[in-house]
1. Report, ordered by the first and then the second residue, all pairs with beta carbons closer than 9 Å, sequence separation of six or more or different chains, a first member in segment 91-102 that is over 19 Å from GLU17 (Cβ atoms), and a second member that is aromatic (Phe, Trp, Tyr).
2. Any residue at all in segment 105-115 that is acidic (Asp, Glu) and either touching a residue at least 12 places away in the same chain (Cβ under 8 Å) or in contact with a Gly (Cβ under 9 Å, 6 or more places away or on another chain) (or both)?
3. Which is part of a helix (DSSP H, G or I), open to solvent by 60 Å² or more (accessible area, probe 1.4 Å), of a type in the set (A, V, I, L, M, F, W, C) and modelled with pLDDT of 85 or more, of PHE139, PHE94?
4. Whether any residue in segment 71-85 is surrounded by 13 or more Cβ atoms within 10 Å (Cβ to Cβ), of a type in the set (Phe, Trp, Tyr), under 25 Å from the mean Cα position of the chain (by Cα) and assigned to a helix (DSSP H, G or I) is what I want to check.
5. Kindly indicate the residue of segment 4-38 that is farther than 13 Å from ALA97 by Cβ and not in a helix (DSSP H, G or I) and also most open to solvent (accessible area, probe 1.4 Å) among those meeting that condition.
6. List the number of the failed condition for ARG107; all other conditions in (1) over 27 Å from LEU16 (Cα atoms); (2) modelled with pLDDT under 95; (3) open to solvent by 70 Å² or more (accessible area, probe 1.4 Å) hold.
7. Which of the numbered conditions does LEU63 fail, given that it passes all the others? Conditions: (1) open to solvent by less than 50 Å² (accessible area, probe 1.4 Å); (2) within 15 Å of ASP99 (Cα to Cα).
8. Go through (1) more than 18 Å from the chain's Cα centre (by Cα); (2) of a type outside the set (D, E, K, R); (3) surrounded by 12 or more Cβ atoms within 10 Å (Cβ to Cβ) one by one and return the number of the condition GLY119 breaks.
Amino acid sequence: LDAVLQALVIDQDRALEELNSDWTASQEIADRLMRDHGLPFREGHHVASEIVTHARRNGMGPLDFPYAEAQRIYADAVAGTDAPADLPLTQEEFRQALDPAAIVAARATSGARLDDHAGWIAARRGHVDAALDRLDADFDGLTRD
């Protein structure tokens, strides 16, 4: 499997084109409505689902879906609930929620932080190893006398 994965060549532009050709990132709308704006997930998912249903019915992809239409669908979907009547996502937030690259970038923080800590961990281990070596040397000096 490793040999197959090492031989794999990914055309990043083509992969992004494929992701943008359908609504693969629509779940992020529900996630952001819940995470950033306190909308219950079920309601956020309903909004995202209605956007995708409308878009597919009208031959629209995520790159050309009108923000005003998202606002209208949101208002209709949350009517009669405690949710804010206006779509709490700005146009920029809405576009980012549909951008696979932005989604990955927003979620790629833990590994980056772990990589940043690798140097610190190595330095601490070196410090501990050096201290243990000094302790052993001091102990050996005491036992020889």
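The values are calculated or read from the model by the stated rules, or taken from the named source; none is laboratory data. Keep in mind that this is a model prediction, so the values were computed, not measured. Ideal geometry is used to build each Cβ from the backbone, glycine not excepted, and the neighbour counts take in all protein chains shown. What goes into the accessible areas is simple: the full protein's heavy atoms, side chains included, and nothing from ligands, DNA or RNA. Shrake-Rupley method; radii C 1.70, N 1.55, O 1.52, S 1.80 Å.
1. Pairs found: GLN91/TYR67; PHE94/PHE65; PHE94/TYR67.
2. Quick first cut of segment 105-115, residues acidic (Asp, Glu) only: 115.
Applying the additional criterion that residues be either touching a residue at least 12 places away in the same chain (Cβ under 8 Å) or in contact with a Gly (Cβ under 9 Å, 6 or more places away or on another chain) (or both) yields none.
No; the residues of segment 105-115 include none that is acidic (Asp, Glu) and either touching a residue at least 12 places away in the same chain (Cβ under 8 Å) or in contact with a Gly (Cβ under 9 Å, 6 or more places away or on another chain) (or both).
3. Working: PHE94 fails: open to solvent by 60 Å² or more (accessible area, probe 1.4 Å).
Every option except PHE139 fails the conditions.
4. Scanning segment 71-85 turns up at least one residue that is surrounded by 13 or more Cβ atoms within 10 Å (Cβ to Cβ), of a type in the set (Phe, Trp, Tyr), under 25 Å from the mean Cα position of the chain (by Cα) and assigned to a helix (DSSP H, G or I).
5. Here the answer is VAL9.
6. Answer for ARG107: the failing condition is (1).
7. LEU63 satisfies all of (1) open to solvent by less than 50 Å² (accessible area, probe 1.4 Å); (2) within 15 Å of ASP99 (Cα to Cα) except (1).
8. So the condition that GLY119 fails would be (3).
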